[in-house]
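Enquirer: Provided herewith is a single structure, encoded as structure tokens, for subsequent inquiry.
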Amino acid sequence: MPRPTRAELDAEIVEAAAELFTAQGYLGTSVQEIADRVGYSKTGLLHRFPSKERLLAATLIGPLTEFAALRATWGALPRGPERHRRASADMVDLALRHRSRLALLFNSGLPVLPGALAGVEGLGDLGDHRTETLAAFADADDLDGTIRAQLAVTGLVSTVAARQDVPDDLLRAPLLSAFRAACGISAHPVRHESPAC
């Protein structure tokens, strides 16, 4: 049997950390428990991931990288209702794809996230992420729309984190409908009527 690659070993450690963080909370999980779960010494694990914060960042890097790519896609679209509809559907689908990681983030990782992600290449400042995200659901000069979008995004993450027991196919439609309603986004494109002759 071939030895696992470095990437496979790292993935095993990250998955074990994510499972323990989700089950016990970030603060309730020790590096030793993660090392024990994967059969490593604490020293060996810390050689691969120098801190518990870096382990948290590693559990979230996949969804955050995917999220950054989606935001770039939204930013390339013309401002307006079509962009808002596209972004809302993408946001709900992303949340459903990464439920357990969002539960981890929302329930235990949020307070330490800025420190955990500091210096992680390609992720930038979390304030920039927030601004770019909200711009996908409301125009920057629309304070009411921006506040609705911020509440909708927080509510989406919270709901997905709390509804782990509901299958995706049952949750998607009501989640998207509620998210769009909270943002004030119409579910249907605006039809432009031809002028009367």
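Enquirer: Just one of (1) free of Cβ contacts under 8 Å to residues at least 24 places away in the same chain; (2) of a type in the set (A, V, I, L, M); (3) farther than 30 Å from Asp141 by Cβ trips up Val31, so point out which.
Expert: (1)
Enquirer: Here is a further query. Within region 96-113, is there a residue that is farther than 27 Å from Leu56 by Cβ, modelled with pLDDT under 85 and open to solvent by 20 Å² or more (accessible area, probe 1.4 Å)? Walk me through how you get there before you give the answer.
Expert: Here is the first cut: in region 96-113, the residues farther than 27 Å from Leu56 by Cβ are none.
No, region 96-113 contains no residue that is farther than 27 Å from Leu56 by Cβ, modelled with pLDDT under 85 and open to solvent by 20 Å² or more (accessible area, probe 1.4 Å).
Enquirer: Within region 143-167, which residues are closer than 20 Å to Ala187 by Cβ and loosely packed, with under 14 Cβ neighbours inside 10 Å?
Expert: Of everything in region 143-167, those that are closer than 20 Å to Ala187 by Cβ and loosely packed, with under 14 Cβ neighbours inside 10 Å turn out to be Asp144, Leu151.
Enquirer: Asp90 versus (1) open to solvent by less than 40 Å² (accessible area, probe 1.4 Å); (2) without any contact (Cβ under 8 Å) to a residue 24 or more places away in the chain; (3) farther than 15 Å from Val153 by Cβ; (4) touching a helix residue (DSSP H, G or I) at 6+ places or on another chain (Cβ under 8 Å): which is the lone unmet condition?
Expert: (3)
Enquirer: Would you check which residues across region 45-62 are open to solvent by less than 20 Å² (accessible area, probe 1.4 Å) and β-branched (Val, Ile, Thr) and list them? Don't jump to the end; show me each part of the working.
Expert: Within region 45-62, the first condition is being open to solvent by less than 20 Å² (accessible area, probe 1.4 Å), and the residues that meet it are 45, 55-57, 59-60.
Within region 45-62, just Thr59 meets the criteria.
Enquirer: If the requirement is being in a helix (DSSP H, G or I) and either more than 24 Å from the chain's Cα centre (by Cα) or closer than 30 Å to Ala136 by Cα (or both), which of these qualifies: Ala7, Ala23, Ala18, Ala11?
Expert: Working: Ala7 fails: either more than 24 Å from the chain's Cα centre (by Cα) or closer than 30 Å to Ala136 by Cα (or both); Ala23 fails: either more than 24 Å from the chain's Cα centre (by Cα) or closer than 30 Å to Ala136 by Cα (or both); Ala11 fails: either more than 24 Å from the chain's Cα centre (by Cα) or closer than 30 Å to Ala136 by Cα (or both).
Just a single option satisfies the conditions, and that option is Ala18.
Enquirer: Sticking with this structure for a sec: Please verify whether region 27-42 includes one or more residues that are small (Gly, Ala, Ser), open to solvent by 70 Å² or more (accessible area, probe 1.4 Å), over 30 Å from Arg85 (Cβ atoms) and part of a helix (DSSP H, G or I).
Expert: No, region 27-42 has no match at all.
Enquirer: Only one residue in Ala161, Ala182, Ala152 is assigned to a helix (DSSP H, G or I), under 16 Å from Asp93 (Cα atoms) and at pLDDT 85 or above, so which one is that?
Expert: Working: Ala161 fails: at pLDDT 85 or above; Ala182 fails: under 16 Å from Asp93 (Cα atoms).
Result: Ala152 is the single residue among Ala161, Ala182, Ala152 that is assigned to a helix (DSSP H, G or I), under 16 Å from Asp93 (Cα atoms) and at pLDDT 85 or above.
Enquirer: In this structure, does Arg85 turn out to be among the basic types (Lys, Arg), at pLDDT 90 or above and open to solvent by less than 30 Å² (accessible area, probe 1.4 Å)?
Expert: On the way: among the basic types (Lys, Arg): yes; at pLDDT 90 or above: yes; open to solvent by less than 30 Å² (accessible area, probe 1.4 Å): yes.
Yes; evaluated as a whole, the condition is true for this residue.
The values are calculated or read from the model by the stated rules, or taken from the named source; none is laboratory data. Everything numeric here is computed off the predicted structure, so don't read it as measured data. In this analysis, Cβ positions are derived from the backbone assuming ideal geometry, glycine residues included, and neighbour counts consider all displayed protein chains. These area figures cover heavy atoms from the full protein model, side chains too; ligands, DNA and RNA do not enter into them. Shrake-Rupley method; radii C 1.70, N 1.55, O 1.52, S 1.80 Å.
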